[in-house]
Amino acid sequence: MPTPADPAAALPLTLDLEDFKGDFSFDALFGGLVDELLPEYRGEDDAAPAPPPPPPVLGAAPPVFPAVDELLGLFKHSCKELVDLRKQIDKRLQNLKKEVAVQDAKHRKTLGELEKGVDGLFDSFARLDSRVSSVGQTAAKIGDHLQSAESQRETASQTIDLIKYLMEFNSTPGDLMELSPLFSDDSRVAEAASIAQKLRSFAEEDVGRHGVTTAVGSANASRGLEVAVANLQDYCNELENRLLARFDAASQRRELSTMAECAKILSQFNRGTSAMQHYVATRPMFIDVEIMNTDIQVVLGDEGLQADSNYIADGLSQLYKEIADTVRREANTITAVFPSPNEVMAILVQRVLEQRVTTILDKILIKPSLAALPPLEEGGLLQYLRVLAVAYDKTKELAKDLQSIGCGDLDIEGLTESIYVAHKDEYTEFELASLRQLYQSKMAELRAEAKQQSESTGSIGRAKGASLTASPQQLISVTVVTEFVRWNEEAIARCTMLFSQPNTVAANVRSIFACLLDQVSQYLTEGLDRARESLNEAATMRDRYVIGSSVSRRVAAAAASAAEAAASAGESSFRSFMIAVQRCASSVAILQQYFSNTISRLLLPVDGAHPSACEDMGSAVSVVEAAAHKGLLQCIDTVMSEVERLLSSEQKATDYRTPDDGAAPDHRPTNACIRIVAYLSRVLEVAFNALEGLNKQSFLTELGNRLHKGLLNHWQKFTFSPSGGLRLKRDITEYGDFVRSFNAPSIDEKFELLGIVANVFIVAPESLASLFEGTPSIRKDALRFIQLRDDYKTAKIASMLNNITAE
């Protein structure tokens with residue numbers, strides 16, 4: 001306790017338990033304790049402003065906290081009160097623990113008693129559930145027995161009625177007048193139909209059993225229902241006819257509900273097949289003659305069977321669209337009327353394809369005779385094939401439209417194919433016959449044009465040699481070959497449209513492509529042969545004007561003029577053949593491109609088809625190459641004949657000798673050399689443009705060899721002086737420079753060696769040995785040429801040669 005001298009002793013008790021409840025704040029508690037002792041720490045609103053501290057006295061000690069003793073006393077007193085409060089709270093807690101323990105014991109006892117009661121309750125519920133389940137099962141069994149009894153009662157009642165009705169039908173053959181009102185009441189037609197069908201099934205089954213037992217010799221077989229079967233059949237037929245009549249009447253009035261009612265009843269007769277077929281058969285598009293005639297008019301128009309395939313395609317598109325729209329409208333009616341619309345749609349679509357479509361196809365697809373082909377003026381076989389293709393394509397489109405509308409389980413694709421099976425079986429024969437017809441017509445047209453052009457030239461043209469050289473366009477035309485390929489491409493397109501199996505497509509494509517190979521090969525070969533004929537005629541003309549040396553000057557002049565004309569004809573024939581070869585190469589390239597772009601992809605899926613077609617194409621091209629090779633050899637003969645003529649007419653004996661008048665030697669090429677090089681440059685220009693690759697290399701190499709050999713043989717006729725040898729070497733250089741354009745290294749080497757051989761005319765006799773030693777490869781030709789030196793005998797070169805050869 002505080003003493004009287006203690007400043008805090010006079011303070012009252014300021015702490016209470018309520019101060020610590022709720023939202024306790026230590027700052028608020030502390031403020032409440034010191035609020036009166038330290039008024040300067042109150043809030044700004046409650047406390048007055050503190051007076052300023054007195055100024056410090058100089059040298060005096062700092063002032064101490066004035067309320068420290070009071071605060072210490074307050075804090076001690078507060079601590080004592082807090083300790084007392086804690087003791088009070090501890091005492092209360094002890095009391096609460098005791099009370100909680102007592103209550104917990106009571107609660108546990110109560111829970112134990114409740115658990116025992118709940119367990120007993122669960123047992124009671126289990127017994128009750130078992131009892132309820134047992135009672136339910138018993139009730140279900142009783143219900144099943146009652147339902148079975150009711151079903152048996154109804155069955156017995158129906159059986160009694162059926163026996164009664166059966167006795168009525170089995171009373172008198174053909175007498176249906178004494179039947180129950182049920183069978184004549186129009187409002188109970190559905191019930192009568194159902195009962196009649198049941199009676200007929202039972203009677204027919206009984207009669208069937210009777211027949212079987214009789215066959216095995218049973219003496220107790222049931223008899224007597226044959227009359228019922230006959231009467232029931234008659235009644236069902238009569239009832240079906242009445243229903244169909246009602247159905248037709250409702251159909252005329254577009255009473256779909258009545259139609260649906262009749263269709264539902266009729267479905268009990270043969271599963272409704274007769275009703276379905278009757279409905280489809282009575283559609284106007286199958287019985288109206290006017291509609292059928294309109295179909296023909298829409299497709300063929302006023303031109304009839306001569307209508308263009310494009311016109312027929314447009315007509316079929318229009319007709320098939322109208323058919324699809326009609327079927328779509330019928331599908332709506334069928335769905336609303338018939339219990340089994342898919343079956344009716346199958347019958348309808350089948351009837352559309354087999355009757356309406358087939359009727360129009362029979363009118364437009366009249367198969368021509370292969371023994372007597374229709375003329376091309378009327379379209380030929382191509383007209384039939386084009387109409388077949390467009391009709392097939394449009395019919396397939398119609399089939400897809402009909403399938404999208406609905407056709408039940410009908411195999412519409414197979415049905416469509418069956419319509420065209422007769423045409424597809426003979427398709428390949430007709431396609432090949434059409435291609436041959438087109439080819440023969442084109443050849444006849446080209447021959448007529450050639451004949452007309454030949455006749456238009458007249459006698460003046462023939463006198464100038466026009467008859468010897470056909471126009472290149474008459475020989476071979478790339479345009480014509482392109483037309484062949486276009487025909488074939490059209491045929492291939494038809495083939496791939498009509499057939500889908502890879503093996504069938506490959507077989508037909510190979511046959512059609514083989515026809516193109518034959519046509520192109522024959523056309524190109526015949527064109528090359530005609531070009532060769534021009535070369536032969538030019539050669540005959542050259543041989544005709546070869547004359548001897550002992551003739552008059554007038555005859556020689558006439559012969560020379562004729563030889564010039566023959567040379568001109570030969571050069572023209574050469575040009576024509578080279579153009580023909582060039583066009584052959586272009587045509588073969590077109591053929592190969594067509595094979596690569598179109599034919600290959602159709603043959604590759606089938607083993608062996610592509611290699612076989614490649615062999616066929618290789619064989620066809622080989623035939624053309626053989627003809628071209630013969631002609632190219634003739635071209636070389638033509639060129640060499642003119643070279644020999646120029647050498648013979650232009651080369652003078654004095655060209656390679658020293659001038660007699662003492663003039664300076666001429667180091668220019670001889671006139672014969674100039675003429676020949678000019679001729680070769682002119683005539684071979686077309687060859688350089690026409691030939692390519694190995695063909696060009698082979699041709700120029702052969703021509704170079706022949707030229708080399710011809711010049712060697714020609715120069716064997718002359719003698720050479722040293723200055724003549726220089727001029728010869730100038731000629732050889734000129735020839736060598738020209739043949740260098742051949743790009744044939746072997747020919748270049750030969751002319752280079754020939755230039756070295758010409759040195760035998762230039763060097764002194766005593767230097768010949770060193771010439772042989774420097775170039776041993778020229779020994780054979782050099783030995784022949786040495787004998788042509790003009791000093792061969794005087795310089796005793798023969799003995800020198802013997803010494804050289806002996807060494």
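How big is the C-alpha Rg of the range 707-746 next to the rule-of-thumb value 2.2 N^0.38 Å, as a ratio? Intermediate values should be presented prior to the final figure.
Details: Rg = 11.5 Å, N = 40, 2.2 N^0.38 = 8.9 Å.
Here the answer is 1.29, to two decimals.
Of the GluC sites (Glu not before Pro) found in the range 617-713, the ones in coil according to DSSP and having at most 16 other Cβ atoms within 10 Å of their Cβ are E692.
Within 10 Å of each candidate Cβ there may be at most 14 other Cβ atoms; applying that plus a DSSP loop requirement, which trypsin sites (Lys or Arg not before Pro) in the range 601-702 survive? Can you show the working numbers first?
Working: sites: R601, K630, R645, K652, R657, R675, R682, K696; in loops: K652, R657.
Of the trypsin sites (Lys or Arg not before Pro), the ones in loops of the range 601-702 whose Cβ has at most 14 other Cβ atoms within 10 Å are K652.
To the nearest 0.05, what FRET efficiency results for N342 and L114 with a Förster distance of 60 Å applied to their C-beta separation? Walk me through the numbers before you get to the answer.
On the way: r = 70 Å, r/R0 = 1.16.
The calculated FRET efficiency here is 0.30.
Each of D288 and N597 was given a label point 7 Å from its Cα along the Cα-to-Cβ line. The distance between the two points is 4.9 nm. As a ratio to 2.2 N^0.38 Å, the alpha-carbon radius of gyration for the range 697-792 is 1.08. Take the Cα radius of gyration of the range 86-157 and divide it by 2.2 N^0.38 Å, N being the number of residues; the result is 2.73.
A Cα-only calculation for the range 258-388 places Rg and Dmax at 19.0, 61 Å.
Quick check: convex hull of the Cα atoms in the range 275-332, volume per residue, rounded to a whole Å³? Walk me through the numbers on the way to the answer.
Details: hull volume 4.5 nm³, N = 58.
Cα-based convex hull of the range 275-332, divided per residue, equals 77 Å³.
Charge tally around F286: other residues with Cβ under 14 Å, Lys/Arg +1 each, Asp/Glu -1 each, net -2. Legend: Rg and Dmax of the range 564-603, from Cα coordinates, 17.0, 56 Å.
Report note on the peptides 442-454, 704-716: ranked by the mean count of other C-beta atoms within 10 Å, highest first, their order is 704-716, 442-454.
At 0.36 nm per residue, and after removing the present C-alpha to C-alpha distance, how many nm does the segment from L633 to S770 gain when stretched out fully? Walk me through the numbers on the way to the answer.
Values: separation 137, 0.36 × 137 = 49.32 nm, distance 4.08 nm.
Between L633 and S770, full extension yields 45.2 nm more.
All Cα-Cα distances of the range 578-726, cut into 5 Å bins from zero to the largest, leave 2, 8, 14, 15, 12, 10, 9, 7, 6, 5, 4, 3, 3, 2, 1, 0, 0 percent in each bin in turn.
Rolling a 1.4 Å probe over the protein heavy atoms of the range 579-666, with every protein chain left in place, gives an accessible area that is 52 percent carbon and sulfur.
The values are calculated or read from the model by the stated rules, or taken from the named source; none is laboratory data. Keep in mind that what you see is a predicted model, and the values were worked out from it rather than measured. In this analysis, Cβ positions are derived from the backbone assuming ideal geometry, glycine residues included, and neighbour counts consider all displayed protein chains. Accessible surface areas use protein heavy atoms only, side chains included; no ligands, DNA or RNA. Shrake-Rupley method; radii C 1.70, N 1.55, O 1.52, S 1.80 Å.
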